[in-house]
Amino acid sequence: MKILIVAATQFEIQPFLEVAANYPNCDTVITGVGMVATAFELGRILHENEYDLLINIGIAGCFDRNLKIGEVVQVTSESLVELGAEDDLLFIPIEQLGFGKSKFESSLLQGKNVALPFLAQRHGITVNKVHGNADSIAKVLRINPNSCIESMEGAAVFFAADKMELPVIELRGISNYVEKRNRATWNIPLAIMNSNKALLQTLDFLSDLFSKI
């Protein structure tokens, strides 16, 4: 099983890179931050190489205070929440406009989602600008009440997987809550350490899973 591990920055995946030689079936790509950079890099690399699975790993903000800073979740669905049009106070998603798709779900076996048994599963949104204003946070939660995890790349990976008909898993370590920007409350090192541990656990789980198929 050939796996491509996708991260926006090197520091988000550095712990895995230090042991990557132990996983010869895995390649890594550092896309750069944001959905445009991610989509470009994945378009390039998936044109040149064939993979059986994409795994997106990184840090993220969290709307749910019941989840702890440093906790890792599996994001099983993603939304491009800014893709659409404003009609005064209303937001019209791209699906309603008839020009595309903004919601995606992960899948693994025969088009069905496989939940990793050691992680909580949550819905993610992908944005160009991370939220740090009370009014904009309230607005996104009003339009997307199931939002839990916020990243700048997740849906772009799901989009590429959807286009290439590839299964995809997304792992996100919670580095901060989505609130008025306050770096004093962030814990990026903990989120990176735990998400990379979850990545190794996921690779072991997949190896065992597919050995039984």
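For segment 140-161, the criterion of being in a loop (DSSP other than H, G, I, E, B), open to solvent by 10 Å² or more (accessible area, probe 1.4 Å) and farther than 17 Å from Ser77 by Cα is satisfied by no residue at all. Counting only strands (runs of 3 or more DSSP E) wholly contained in segment 18-115, the ones carrying 3 or more residues that are farther than 23 Å from Ser147 by Cβ occupy 26-30.
Scanning segment 182-196 for residues that are open to solvent by 10 Å² or more (accessible area, probe 1.4 Å), of a type outside the set (A, V, I, L, M) and in contact (Cβ under 8 Å) with a residue 12 or more places away in the chain turns up Thr185, Trp186, Asn187, Asn194.
Only one residue in Leu119, Leu42 is touching a helix residue (DSSP H, G or I) at 6+ places or on another chain (Cβ under 6 Å), within 29 Å of Asp208 (Cα to Cα), at pLDDT 95 or above and open to solvent by less than 50 Å² (accessible area, probe 1.4 Å). Which one? Even if it seems obvious, please write down each step before you answer.
Values: Leu119 fails: touching a helix residue (DSSP H, G or I) at 6+ places or on another chain (Cβ under 6 Å).
Result: Leu42 is the single residue among Leu119, Leu42 that is touching a helix residue (DSSP H, G or I) at 6+ places or on another chain (Cβ under 6 Å), within 29 Å of Asp208 (Cα to Cα), at pLDDT 95 or above and open to solvent by less than 50 Å² (accessible area, probe 1.4 Å).
Anything in segment 168-181 that is modelled with pLDDT of 95 or more and open to solvent by 10 Å² or more (accessible area, probe 1.4 Å)? List them, or say none. Asn176, Tyr177, Val178, listed by residue number.
Just to be sure before I move on: is Val29 open to solvent by less than 80 Å² (accessible area, probe 1.4 Å) and farther than 17 Å from Gly173 by Cα in the structure I sent?
Details: open to solvent by less than 80 Å² (accessible area, probe 1.4 Å): yes; farther than 17 Å from Gly173 by Cα: yes.
The answer is yes for Val29.
Candidates are the residues of segment 93-116 that are crowded, with 17+ Cβ neighbours inside 10 Å and aliphatic (A, V, I, L, M); the one that is farthest from Gln201 (Cα to Cα) is Leu108.
Yes/no per residue for (1) in contact with a Cys (Cβ under 9 Å, 6 or more places away or on another chain); (2) of a type in the set (Val, Ile, Thr); (3) closer than 30 Å to Asn182 by Cα:
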residue	(1), (2), (3)
Val81	no, yes, yes
Ile94	no, yes, no
Gly98	no, no, no
Lys103	no, no, yes
Ser107	no, no, no
Leu119	no, no, yes
His123	yes, no, yes
Asn128	no, no, yes
Ala134	no, no, yes
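Residue check: is Leu199 modelled with pLDDT of 95 or more and under 21 Å from Phe11 (Cα atoms)? So Leu199 fits the description; yes.
Please state which of the following conditions Leu53 fails to meet, knowing it meets all the rest: (1) under 17 Å from Ser207 (Cβ atoms); (2) open to solvent by 40 Å² or more (accessible area, probe 1.4 Å). Of the numbered conditions (1) under 17 Å from Ser207 (Cβ atoms); (2) open to solvent by 40 Å² or more (accessible area, probe 1.4 Å), the odd one out for Leu53 is (2). Looking only at segment 70-88, decide whether some residue is open to solvent by 60 Å² or more (accessible area, probe 1.4 Å), out of contact with any His (no Cβ under 7 Å at 6 or more places or on another chain), modelled with pLDDT under 95 and closer than 18 Å to Phe159 by Cα. So far as segment 70-88 goes, yes, one or more of its residues are open to solvent by 60 Å² or more (accessible area, probe 1.4 Å), out of contact with any His (no Cβ under 7 Å at 6 or more places or on another chain), modelled with pLDDT under 95 and closer than 18 Å to Phe159 by Cα. In summary, Lys129 fulfils each of the numbered conditions (1) in contact with a helix residue (DSSP H, G or I) (Cβ under 9 Å, 6 or more places away or on another chain); (2) surrounded by 14 or more Cβ atoms within 10 Å (Cβ to Cβ) with the single exception of condition (2). Taking Tyr51, is it among the aromatic types (Phe, Trp, Tyr), touching a strand residue (DSSP E or B) at 6+ places or on another chain (Cβ under 6 Å) and more than 17 Å from Arg172 (Cα to Cα)? Criteria met by Tyr51.
One residue alone among Ile169, Ile174, Ile192, Ile137 is part of a strand (DSSP E or B), closer than 20 Å to Arg65 by Cα and of a type in the set (Val, Ile, Thr), and that residue is Ile174.
The values are calculated or read from the model by the stated rules, or taken from the named source; none is laboratory data. As the structure is a computational prediction, the values presented were derived from the model and not from experiment. In this analysis, Cβ positions are derived from the backbone assuming ideal geometry, glycine residues included, and neighbour counts consider all displayed protein chains. Only protein heavy atoms, including side chains, enter the accessible area calculation; ligands, DNA and RNA are left aside. Shrake-Rupley method; radii C 1.70, N 1.55, O 1.52, S 1.80 Å.
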